[in-house]
Amino acid sequence: MKRDDDARDSRRKLLAGLAASAAGAMVGYSGAAVAKSAEPAAASKGRSRKWGLVIDLDRCARCGGCVVACQQENNVAPAGPEAAARTRPIHWMDFLPPAPGSFAATPIPCMHCEDPPCVKVCPVGATYQSPDGITAQIWERCIGCRYCMIACPYARRYFNWSDPHWPGDDPSSLNPDVAPRPRGVVEKCTLCHHRIRAASERARVDEEPLTDEALRRLPACAQSCPTQAITFGDLDDPTSEVAHLAASPRAVRLLPEAGTRPKVIYLREGK
Amino acid sequence: MKRAAIVVLTALVTIGAYAWVQQVVHGEAVADLRTIGAGGAVWGLYVVGDGFFASAALAGLALACVLRVRRSRETESAARMALPLGVAGLVASLGCVLADLGRPMAAMVNLPLFGRPRSPFFGTFTLVAGASLLATVVHLGLASRPQWAERPQTAWLWRSLACGWKETASARWRRERVDFWLSLALLPLFLGGIVILGIVFGVRAGRPGWQGGFEVVTFVVSGGAAGCSLLALATRAPTRANVLRLLGVLTSLTVLLVVAGEILALRTPYSSVQRYARALLDGPYRNLYWAELVLFFLAAIMSLVTWRKTASGIWSAITALLVCAAVFIERFLVLVAWQTHGLGLSWPAGTYHPTLIEWSVFAGLAAAAALVFRLLVKICAAGTATSDPTDPPPAGRRLRSLTTAACLILGFAAASVGLALSAGLASAPLLDPILPGSPLVFLAGLFLMLLAPVACELIPDRDSPLYESSGGVPATTK
């Protein structure tokens, strides 16, 4: 009888030990996941950034320079005559046609929403929101279901319907910092995050802060704009120009009823 | 006649396979799908097919579950046919989804590794199509064992599939109980599946300006009509009348919902929804829209008239085909017209005309589904089990009860843990699964739960003093 009780006790201890180990492992995993997710934010000098763009429609000359610069910078393959005729060109930065009673033609990149619907619907986590608020895409993971294209209220995502080709198929003309995307995946504007990363690295090596002046014209679209209509920066930094412009009474967001809280803000014309 | 039909279906499958290979080689540029906002639709015929097949299959399966729980002799034929029909429909639905994916091979790897339950894709693909298909196959297999056991004993395949079925009172009793409980347990899965599909296709999460809640209800009701129409095609005379009666009600309801939805959409304050409604009423989709309404209306009248005239075969078939065509058009309009005409910003209106490749792939999948159905009907007779009510329940066996309970509990636990890990419930939102591959744990849990009825049926009785192995007559009364 005593032996039975001992055996039961030891079995109970073993089970309790196993349960404790399992619980510990679970907590460890979740803790690791949280720590991993918080890592980049913590690395950026203890304060998370909220990158955003302000586009001044009064200044915009509708020259299309931003569209071309974006194509060049991000290795977006030009659509051939056939694809263009079938409305399959890829333009991370495009022009929204004018609507009666609304804006004139409007430069429209990805809105990098604070509450992005495209991220919610991705079945494999190929679309995610980085800690600094950029809605990014992992091309290699995308399965090409195009749920994100359906969910985006701004239609700012593009599917690669066929293999990308460049004139002359000369790889030396491509930007080595950006990987070309294969057929069958969705792609989108990244706010030139490779440039942001390079600027952050430079500032870290030089042991100098990343200033607002260095950021304002950082993305290719902002850099190429001849009228400086596009301004980039940290919306969470009250001293930044982009935050100052975003607080302007002229500032509007597209489709506010969608509840996505875009981080691309427009300054209306004529007010 | 039957042989000619099989030859035609096989030819269609071959053409569809060739078309799909062309799509894989040249990319989805061979389809008429285009960039949304730039004058096109990114989801087309394949997703319409997914919505049609999945909703029809799930509605048919839900109806079958109800009929199997009720165990009415009058509806035996419908309960028997619905399971093969469900398997065939879900196979076609899965095929449609795979045909639509830009990188189907990457999906095979990335979905088990990184699948996110927060995505509607998880609901529509993993749960609706995958889990429902697996559950239906298990249901069909278990229900067909008595028939497989009757096949010639020399056929090893049938012997293996029958898994040692012996026509005893105890086996019949277990068959009946498992059939009842499995049907009851699967009913919420099928009903939930069709509602999830309705929400995804009707409400479109993330969009400003819903098309109106009516679309979800219309999707579910018209899915029920499609399922009933396919059942009416597959069942025989006495049962068919009951199915047609239900079909008449569902079709009439769908007509009302479609009209009410359109009126609401026209009066909504959202300009995008009004544009969509105008495109249906007097825009580029007017022919399809009015054809849909006329087809539904005709089908509603015919199903009610046909039912009164003791449900003749030809009229029933015509009615069923009308309903299927109308539901297909309804899915097309909800999905495509909204993409080309219902965008929130001032993007230009677009067009979508499926190419020959798309039609070939779609026809190939539909033909494959018909062949699967034909094959399953030939080899599986998933009749409802009935035991003699005077039979006492068999003597319990502890091993069977323990195994069944263990499968259920462990399966539920694994599915819950897998779901929680996949959803990243313990971490910051919208990240990867906490443990890569945890969607597989979830699926393994579902599979384990589905093993519970299998264990309950397959673990044989210990030699009981109450039962002889043959005939099942209690030994004491012999």
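Things worth noting here:
- Accessible surface ranking for B:TRP173, B:TRP181, 1.4 angstrom probe, highest first: B:TRP181, B:TRP173.
- Between the C-alpha center of the range B:111-156 and that of the range B:264-296 there is a gap of 38 Å.
- Estimated FRET transfer efficiency (B:LEU402, B:LEU458; beta-carbon r; R0 22 Å; 0.05): 0.95
- Largest-first ordering by accessible area, 1.4 Å probe, given options A:TYR128, B:TYR18, B:TYR352: B:TYR18, A:TYR128, B:TYR352
- Dipole-positive endmost among B:ALA107, B:CYS96, B:ILE434 within chain B (Cβ charges, Cα centre): B:CYS96
- For A:PHE159, distant residues with modelled amide H under 5 Å away: A:GLU187
- In order through the range B:6-12: 3J(HN,Hα) via Karplus (6.51 cos²θ - 1.76 cosθ + 1.60), integer Hz, x for Gly, Pro: 5, 5, 4, 4, 5, 4, 5
- Positive-end residue of A:TYR158, A:LEU210, A:PRO182, charge dipole of the range A:151-219 with Cβ unit charges: A:TYR158
- Euclidean distance of C-alpha centroids, the range B:231-253 and the range B:357-373, integer Å: 25 Å
- The B and A chains share an interface that buries close to 4500 Å² of accessible area, total over both sides, probe 1.4 Å.
- Inter-site label distance for A:ASP170 and B:LEU157 at 7 Å from Cα along Cβ, in nm: 6.2 nm
- Percentage of interatomic Cα-Cα distances in chain B larger than 31 Å: 48 percent
- Calculated FRET value between A:ALA61 and A:HIS244, using beta carbons and R₀ = 25 Å, to 0.05: 0.65
- What you get for the range A:200-268, charging only the Cβ of Lys and Arg (+1) and of Asp and Glu (-1), is a dipole of about 520 debye around the Cα centre.
- Using the average count of surrounding beta-carbon atoms within 10 Å as a protection proxy, the listed peptides A:193-205, A:217-229 rank, highest first, as A:217-229, A:193-205.
- 10 Å Cβ neighbours from other chains, averaged over peptide B:342-355: 3
- Viscosity 1.002 mPa s, temperature 20 °C, Stokes-Einstein D of the range B:203-340 from Kirkwood C-alpha radius, µm²/s: 141 µm²/s
- Using a Förster distance of 25 Å, the FRET efficiency for A:GLU82-A:ILE138 (Cβ separation, nearest 0.05): 0.30
- Here the contact order of chain B, divided by its residue count and restricted to Cα pairs under 8 Å and six or more residues apart, works out to 27 percent.
- Lys, Arg +1 and Asp, Glu -1 on Cβ, resulting dipole of the range B:223-323 about Cα centre, debye, nearest 20: 220 debye
- Under-5 Å amide H pairs with A:LEU53, H placed in peptide plane, nonlocal only: A:VAL264, A:ILE265
- Nearest-ten-degree value, helix B:45-70 long axis tilted from longest Cα axis of chain B: 30 degrees
- For peptide A:180-191, the mean count of partner chain Cβ atoms within 10 Å of a residue's Cβ comes to 2.
- Highest average packing first - B:434-442, B:295-303, B:24-32, Cβ atoms within 10 Å: B:295-303, B:434-442, B:24-32
- The range A:198-271 versus the range A:79-105: alpha-carbon centroid distance in Å: 24 Å
- Dipole magnitude for chain B: computed about the Cα centre from +1 point charges on Lys and Arg Cβ and -1 point charges on Asp and Glu Cβ, it is near 800 debye.
- Near A:THR135: Cβ cut-off under 13 Å, other residues only, Lys/Arg at +1 and Asp/Glu at -1. The net charge is +3.
- Under-5 Å amide H pairs with A:THR106, H placed in peptide plane, nonlocal only: A:LEU96
The values are calculated or read from the model by the stated rules, or taken from the named source; none is laboratory data. A quick note: this is a predicted structure, and the numbers were derived from the prediction, not measured. Glycine gets a Cβ as well: all are built from the backbone with ideal geometry, and neighbour counts include every protein chain shown. Ligands, DNA and RNA are excluded from the accessible area calculation, which covers all protein heavy atoms including side chains. Shrake-Rupley method; radii C 1.70, N 1.55, O 1.52, S 1.80 Å.
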